[in-house]
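The values are calculated or read from the model by the stated rules, or taken from the named source; none is laboratory data. Note that this is a predicted model, so its numbers are computed, not measured. Cβ sites come from the backbone with ideal geometry, for glycine too, and all protein chains shown count toward neighbours. With ligands, DNA and RNA removed, areas are computed over all heavy atoms of the protein, side chains included. Shrake-Rupley method; radii C 1.70, N 1.55, O 1.52, S 1.80 Å.
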Amino acid sequence: MTTLRRSCSACARAKHRCDLQTPRCSRCVKRNTTCIFVNEPLTAKSPLPPAPNASTISTNREANDTNLSLVRLQSARNHLSDTPELPLTIGAGYHDPFDTLPQTGLPRARVRGLIHHFLTKIAFQYYPLDLDPKTNPFVVSWWPLALKDPALFHVSLQTASLDDELLAQKGFASSDILMADSVSLLRRKVENPILAIQDETMDAVVTLAAIEYGKGNIQTSKMHISGVKRMVEVRGGIQKVKESSPITARMVPWVSMLVLGVPQFPTQDDEGFGDGISAISLWKDSSIASCAARSLMDLKSLHLNPVLEDTITRLRNIFGKYSRHSTGLATPLELSSTDLHDLTCFVLHRLLPLPAIEDVNALTADISDAMHCATSIFMFIIHGHTYYTHITILNSLVLRLKTHLECMEVSTNDISPVFVWLHSVGMVASTEIGDSQWFLDRARLIANTLDIRSWDDILANLECVLWFHNSRTKSFKHQWVHILTGELPDLAKIGT
């Protein structure tokens, strides 16, 4: 008689829950008895050489360049490692006396360690906008779902395992086990029309997309994104998803954009109609100028794409409400981390698909396109890395910006603040991607040509165009002070 039983024969006879460890389960090892599995456990692995691309949900396979994989993974880790591991006890020594955790192919001690790693480090690397364990969405929203969903549980542990094993540089044994089982569990879910569109399923698939992208498996990553887009479509759009899981509705568009290089979801209109990404309430009120007593450059003189001009105008008004100029406070009000993330996601999905401006002279076209690139870059800078590093898409934007700036001659004229702002944005972003010399040289040329002597002079030019004070814009002052004085100031002591 055929049986689908996964436990070993000894545990089955004793009616004891088997932990499915191979080649011998823990109970058989303790009792020193023979351990026989009628059916090989789902989590069983033959000694590891890992199969490349065991993660793909379809039957397609692609070559895996190990060197590229390590480079991408290390790059992701480097750009997310600015978030320190928090001294939390949450997850430490995670006890499960009633064996309620989803079963994995790893020893329980290893699983407990990965849980701790996820809850104390990965959750805050993925969402550094909120470092409070009482409110971080990966701790308070994601993790409870993972405990109830084996596929999401495996994928979550895999993010912790990859980070841990990449640091140890001793291979990816645990990660390979978790990846294979994650895919197996997800295959079962996507075959069920109800389970296939659950929040937990989308969370797991989009996370796999980010993991595969970091490992260099680009086609597999794109396939996962295609799948999650279909899930969102069946659910009725990203706003319907947001009603049940805000973190899913935020993560899916963001990761999809980073993986494919362009936004994959539309935005709602100014009245909030449509099933696309919605704007924060501040956006809807931002068409009216703020009370900030600032001298802003007239954007009309730049002949920008109308959507770009409207976007910069609204951003000026939103940011103006949180500046020292408008509040008169020594310490300005702060835009909440959630609002900043939602605003950035909305703006990038609105701007990045814009076509190049046409029917204008070459200089006007270069300025408009440069402003398009730089505004998108600026939003990435003030937002920071979330969920996964945005270094690839940032590099593409910086190269495009540089191409347009190379066509412009630096001179003293009515749009001098634009040159200062464009080169400042490019300089800070290019430092992040490790190719900044051209922008540094141009910045020195600008300082000499425009007779700029101090950071205050630079800041006055930046505020004429578009500016926002937060911890991440300290890098602007850091770079300019170094150029103007030759000194490298302490970032911790820099105030914006």
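Figures for the structure shown
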read-out: Any pair with Cβ under 6 angstrom, 6 or more apart, that starts in segment 237-251 at a residue that is under 11 Å from ILE277 (Cα atoms) and ends at one that is among the charged types (D, E, K, R) and open to solvent by 50 Å² or more (accessible area, probe 1.4 Å); value: GLY237/ASP275; GLN239/ASP275; VAL241/ARG235; ALA249/LYS242
read-out: ALA168 vs. criteria aliphatic (A, V, I, L, M) and touching a Pro at 6+ places or on another chain (Cβ under 9 Å); value: no
read-out: Near pairs, Cβ below 8 angstrom, 6+ apart or cross-chain, from segment 24-48 (within 18 Å of ILE177 (Cβ to Cβ)) to any residue that is open to solvent by 50 Å² or more (accessible area, probe 1.4 Å) and at pLDDT 80 or above; value: THR43/GLN103
read-out: Those residues of segment 128-145 which are modelled with pLDDT of 90 or more and crowded, with 19+ Cβ neighbours inside 10 Å, in sequence order; value: ASN136, PRO137, PHE138, VAL139, TRP142, TRP143, LEU145
read-out: Scan of segment 188-210 for residues that are of a type outside the set (Gly, Ala, Ser), open to solvent by 10 Å² or more (accessible area, probe 1.4 Å) and closer than 24 Å to PRO144 by Cβ, ordered by number; value: ARG188, LYS189, VAL190, ASN192, ILE194, LEU195, ILE197, GLN198, ASP199, GLU200
read-out: Qualifying residue in segment 401-417 (condition: open to solvent by 60 Å² or more (accessible area, probe 1.4 Å), modelled with pLDDT of 90 or more and within 27 Å of GLY486 (Cα to Cα)); value: yes
read-out: Odd one out for ALA151 among (1) touching a helix residue (DSSP H, G or I) at 6+ places or on another chain (Cβ under 7 Å); (2) closer than 30 Å to GLY236 by Cα; (3) among the aliphatic types (A, V, I, L, M); (4) surrounded by fewer than 23 Cβ atoms within 10 Å (Cβ to Cβ); value: (4)
read-out: Residue in segment 233-243 that is open to solvent by 10 Å² or more (accessible area, probe 1.4 Å) and of a type in the set (A, V, I, L, M, F, W, C) present; value: yes
read-out: Selection within segment 343-386 - assigned to a loop (DSSP other than H, G, I, E, B) and open to solvent by 20 Å² or more (accessible area, probe 1.4 Å); value: LEU352, PRO353, LEU354, PRO355, ALA356, ILE357, GLU358, ASP359, VAL360, ASN361, HIS385
read-out: Filter result (open to solvent by 50 Å² or more (accessible area, probe 1.4 Å) and modelled with pLDDT of 90 or more) within segment 461-476; value: LYS474
read-out: Enumeration of residues in segment 441-490 that are over 20 Å from MET297 (Cβ atoms) and hydrophobic (A, V, I, L, M, F, W, C); value: LEU445, VAL481, ILE483, LEU484, LEU488
read-out: Residue check for ALA289: of a type in the set (A, V, I, L, M) and modelled with pLDDT under 85; value: yes
